[in-house]
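The values are calculated or read from the model by the stated rules, or taken from the named source; none is laboratory data. The shown structure was predicted, so the numbers you read here are calculated from the model rather than taken from an experiment. Note that we place each Cβ from the backbone using ideal geometry, even for glycine, and neighbour counts take in every protein chain shown. Each accessible area value is taken on the protein alone, full model and side chains, heavy atoms only, with ligands, DNA and RNA left out. Shrake-Rupley method; radii C 1.70, N 1.55, O 1.52, S 1.80 Å.
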Amino acid sequence: MTLLVTGAAGFIGSNFCHHWRGAHPGDRLIALDALTYAGNAANLAALDGQAGFRFVHGDITDGALVERLLREEGIDTIVHFAAESHVDRSIHGPAAFVQTNVVGTQVLLEAARRVWLAGSGREHRFHHISTDEVYGSLGPEDPPFHETTPYAPNSPYAASKAASDHLVRAWHHTYGLQVTTSNCSNNYGPYQFPEKLIPLVILNILHGRRLPVYGDGTQVRDWLHVADHCRGIEAVLRDGRMGETYNIGGFGELTNIELVRRLCALLDERFAAEPELARRFPDAPQARGAPAESLIEHVTDRPGHDRRYAIDPGRITGELGWSPSHDLTSGLADTVGWYLANGPWWTAVMDGSYREWLSQQYGGGVLPQNQEGTS
Ligand code: NAD
Ligand code: TYD
């Protein structure tokens, strides 16, 4: 196979490229990414220069570029991750979400249609990565989201993803494009940009910054390890039915406040076991004998904050034999370990614009240059 992976330098896209390379070393990977604030070429550094891997710095809304890549590279499979992905940013600036998530998806679909369906057509697949947020919010006793749950997106982010899902569906029904879609729950794991809850909490603890819990913290998310998500996408690409959607979830429901407490406890344990961490991170509360939980602060809730997400992965489990291999306890411990071991990665990620955002959130002087990430 020759795959075009859009958004390949982001969190899930880069994990997917590494996974695919390991599982299918004979396939070719064309990684397309606009390198927005969330994209990081370093996430793909290990693949750079390898035969069968090519990174293209470009935008999915550039139809001419996408069409040229599809033709020149003989691409038969698109795995579409590229998106604006952070709910809080969508509340402050929804236009970019419509542009990338809706217009960008339409541009990709059109390029695929022009190249793959011309003449007698060719074997192809367009796999679209979506989210459980398109289904809206669950009550405490509601059954988890199923593929047939009606769409009810609440944030501009969720609405833009819902719109893109509908476009993908329409290109299948109207033009016969061979598509599949997966809607997954909240991912966590290596290479996640530290504006999302889990890496944000880990890095804030290391730097002694407050841990902002929105509202009362009893909102529930269903956490999925990114490696399990990648295996789920692989299962859909292998055996998924054309035109179908598959929900991928991790059986990892937890309230935000409980999740934050678990991360605090994991870091307290690591500091207790490894005295050099207090020297590496002198601003961490553990370095002065205080627990990480002392940093928790309940802050103003996110507008329109969805109360609960949970996924019923019965279809992908039953039809495709997929099930998650990480439980949340070991997955969180591994993730804390990854961020502790990869200081240079997140030091580099914390560039000018991220620092600016941090100092708006937490006040000035948040990141002394000389104490990050070095071991
Ligand atoms: P991310 O923000 O980490 O990465 C997105 C990537 O897309 C970045 O590398 C960025 O540079 C790139 N990109 C943005 N606009 C682009 C454009 N116009 N052209 C080309 N590239 C562009 O996001 P992520 O967490 O890796 O999410 C990947 C996909 O998975 C998204 O479609 C998201 O909606 C979906 N998803 C994510 C989660 C999650 O928990 N992270 C959950 C459900 C679904
Ligand atoms: P996030 O990682 O932004 O993912 P999503 O909004 O897509 O679910 O947030 C996960 C949950 O954590 C969500 O309920 C919002 C909450 N949250 C906080 O309480 N504080 C924070 O600083 C962030 C970023 C999120």
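Give the relative contact order (percent, whole number) for the range 256-358; include only Cα pairs under 8 Å separated by 6+ residues.
On the way: 37 pairs, mean separation 21.2, N = 103.
Once normalised by length, the contact order is 21 percent.
Return the calculated 222 nm mean residue ellipticity for the chain, to the nearest 500 deg cm²/dmol, obtained by summing -39500 (n - 2.57) across DSSP H runs with n ≥ 4 and dividing by the residue count.
Values: 13 runs with 149 residues, N = 375.
Rounded to the nearest 500, the figure is -12000 deg cm²/dmol.
Using a 1.4 Å probe, how large is the accessible area of Asp48, given in Å² and rounded to the nearest 10?
For Asp48, the solvent-accessible surface is approximately 110 Å².
Report, by chain and number, residues whose modeled amide H sits under 5 Å from the one on Val56, excluding near sequence neighbours (fewer than 5 apart, same chain).
Ala31, Leu32, Asp33
Amide H of His298 versus every other amide H placed in the peptide plane: which residues, excluding those fewer than 5 positions away on the same chain, fall under 5 Å?
Val213
Rounded to the nearest percent, how much of the accessible area of the chain (1.4 Å probe, protein heavy atoms only) is carbon and sulfur? All intermediate terms of the calculation are to be shown ahead of the outcome.
Details: 7540 of 14720 Å².
Result for the chain: 51 percent of the exposed heavy-atom area is carbon or sulfur.
Could you rank Arg68, Arg210 by how accessible they are, 1.4 Å probe, largest area first?
Values: Arg68 110, Arg210 70 Å².
Descending order: Arg68, Arg210.
Report, in debye and to the nearest 20, how large the dipole of the range 61-117 comes out about its Cα centre when Lys and Arg carry +1 and Asp and Glu carry -1 on their Cβ. List each step's numbers first, then the result.
Working: 5 positive and 8 negative charges, 25 e Å.
In total the dipole reaches around 120 debye.
If Glu123, Glu274, Glu84 are ordered by their accessible area, calculated over protein heavy atoms with a 1.4 Å probe, which sequence runs from highest to lowest?
Details: Glu123 160, Glu274 50, Glu84 25 Å².
The ordering from most to least exposed comes out as Glu123, Glu274, Glu84.
Residues with amide H under 5 Å of Glu253's amide H, sequence separation 5 or more or different chain, H placed in the peptide plane at 1.01 Å from N; which?
Trp223
Once you've got the GNM for the chain with C-alpha springs shorter than 10 Å, pick whichever of Ser120, Ser330, Ser90 has the biggest mean-square fluctuation.
Judging by the Gaussian network model, the answer is Ser120.
Using the Karplus equation 6.51 cos²θ - 1.76 cosθ + 1.60 (θ = phi - 60°), what ³J(HN,Hα) coupling, rounded to whole Hz, does each residue of the range 29-43 give in order, writing x for Gly and Pro?
Residue by residue, the range 29-43 yields 10, 10, 9, 10, 7, 7, 6, 5, 3, 8, x, 9, 4, 4, 4 Hz.
Measure nothing fancy, just the Cα-based angle from helix 256-273's long axis to the longest principal axis of the chain, in degrees from 0 to 90, nearest 10.
Roughly 60 degrees, rounded to the nearest 10.
Just how far, in whole angstrom, is the range 191-270 from the range 40-96 if you go by their alpha carbon centroids?
Each part's Cα centre sits 23 Å from the other's.
Which peptide among 105-114, 182-191, 250-259, 285-294 comes first, and what is the full order, when sorted by highest mean count of other Cβ atoms within 10 Å?
Numbers: 105-114: 21.6, 182-191: 23.3, 250-259: 19.4, 285-294: 15.9.
Output ranking for 105-114, 182-191, 250-259, 285-294: 182-191, 105-114, 250-259, 285-294.
Please give me the summed charge of the neighbours of Arg241: other residues whose Cβ is under 15 Å from its Cβ, Lys and Arg +1, Asp and Glu -1. Working shown, then result.
Numbers: positive: Arg125, Arg169, Arg238, Arg315; negative: Glu147, Asp239, Glu244, Glu319.
Combined, the nearby Lys, Arg, Asp and Glu give 0.
Give me the percent of DSSP beta bridges within the chain that run antiparallel, rounded to the nearest 5.
On the way: 3 of 39 bridges.
If we restrict to bridges inside the chain, about 10 percent are antiparallel.
Can you give me the accessible area per residue for the chain, using a 1.4 Å probe, in Å²? Before the final figure, lay out each step's value.
Numbers: 14720 Å² over 375 residues.
Per residue, the chain has an accessible area of 39 Å².
Once the Cα atoms of helix 197-207 and of the chain are each reduced to a long axis, what angle between those two axes, in degrees from 0 to 90 to the nearest 10, is obtained?
Computed tilt is about 30 degrees.
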